[in-house]
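Below: the structure, in structure tokens.
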Amino acid sequence: MEGKKSSNGLKIALGIALALFLAVGFYTINLYSNSKKIQNELTQEKELVMNDLNAMAKQYDEAIGENEAKSKELVEARERIQGLIDSLKISETNVRSLWRYKKKYLSLQKEMDVLLAQNDSLRVENSYLATSLDSTRVKLEERTMFTDSLLVQNTALAEVVENASILGTVGLKGFGVIERTSGKLIPTERAKRTDKIRVCFTVAKNSLVQAGDHELYIQVIDPKNNTLGLNEQVQFEDKTLNYSVISKFNYENANLNVCEFVAAKGEDKFEKGRYIVNVFNEKDLVSTSEFTLK
């Protein structure tokens, strides 16, 4: 009799263990499925944003060919869009990254408003340009609304808010300069005549950032993929950053124009070719640009 009771008890225990195993398996499969679904949505959204930016860049190309009077402003706007496209290509597909690009979309929209206002007198001659840019702005607004909805539903919203509380930059430019003994600076595109690289940008106002002393890391990479300037390293968790110079400034809750200089090593001269300029807020890339020395 006792042997029979023991056998029944063992069967019951095995039944309970099997039920628990199946429940855990179901929960794990369901969790993995939800994770994959969110990742797929983020990937699709990134592709849609990239398509919109490429369309916008194409429209700027057409406008540059039609409007010589304002070609400088249009070319600079086109370069900023290309910088954003290049940055988006290498960015991680996560909520934090999409939120950062949402902020940059808003900046692009404001820039388009200003550009169209400046070209008011040319709208009759360039009606195609105005219509194309307005259409692109509407698409970006619609895409931004979709991104907002996705972010609200995502469980990583706290991470997004944390990432939004950092300083970003706009209007990043790098170029060579000749430095006179009087201190006067003369821009140049000639590698042999370049004494220093000047990097200028605007620290954008962000109401989520507290006023006070802040710093950004500037990285200038030459045509041979060398980091110019100090070329020192700083460690952020699992990421190591080589930087050319640290830009330190006092932020007062308003747009702030900043310029820094990067010199060659010792007696070395600057190489001919393409230079890349990156600005990092700690480990996060917030702005990128490029220029060429001949």
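Among (1) free of Cβ contacts under 8 Å to residues at least 40 places away in the same chain; (2) surrounded by 12 or more Cβ atoms within 10 Å (Cβ to Cβ), where does Leu216 come up short?
(1)
Hey, among the residues in the stretch 274-288 that are farther than 20 Å from Asp195 by Cβ and of a type in the set (Ser, Thr, Tyr), which one's farthest from the chain's Cα centre (by Cα)?
Thr288
Inside the stretch 223-294, counting only strands (runs of 3 or more DSSP E) that do not spill past its ends, which hold 1 or more residues that are free of Cβ contacts under 8 Å to residues at least 60 places away in the same chain and either small (Gly, Ala, Ser) or within 29 Å of Asp213 (Cβ to Cβ) (or both)?
Values: elements: 232-236, 239-243, 245-251, 256-263, 273-281, 284-293.
It comes to 232-236, 239-243, 245-251, 256-263, 273-281.
Within the stretch 261-273, is even one residue within 21 Å of the chain's Cα centre (by Cα) and in the same structural domain as Val177 (by TED's automatic domain parsing)? Quick ask: steps written out before the conclusion?
Kept after step one, since they are within 21 Å of the chain's Cα centre (by Cα), are these residues of the stretch 261-273: none.
No, there is no match, as no residue in the stretch 261-273 is within 21 Å of the chain's Cα centre (by Cα) and in the same structural domain as Val177 (by TED's automatic domain parsing).
The values are calculated or read from the model by the stated rules, or taken from the named source; none is laboratory data. Fair warning: this is a prediction, and the values are worked out from it, not measured in the lab. No Cβ is skipped: glycine too gets one built from the backbone with ideal geometry, and neighbour counts run over all protein chains shown.
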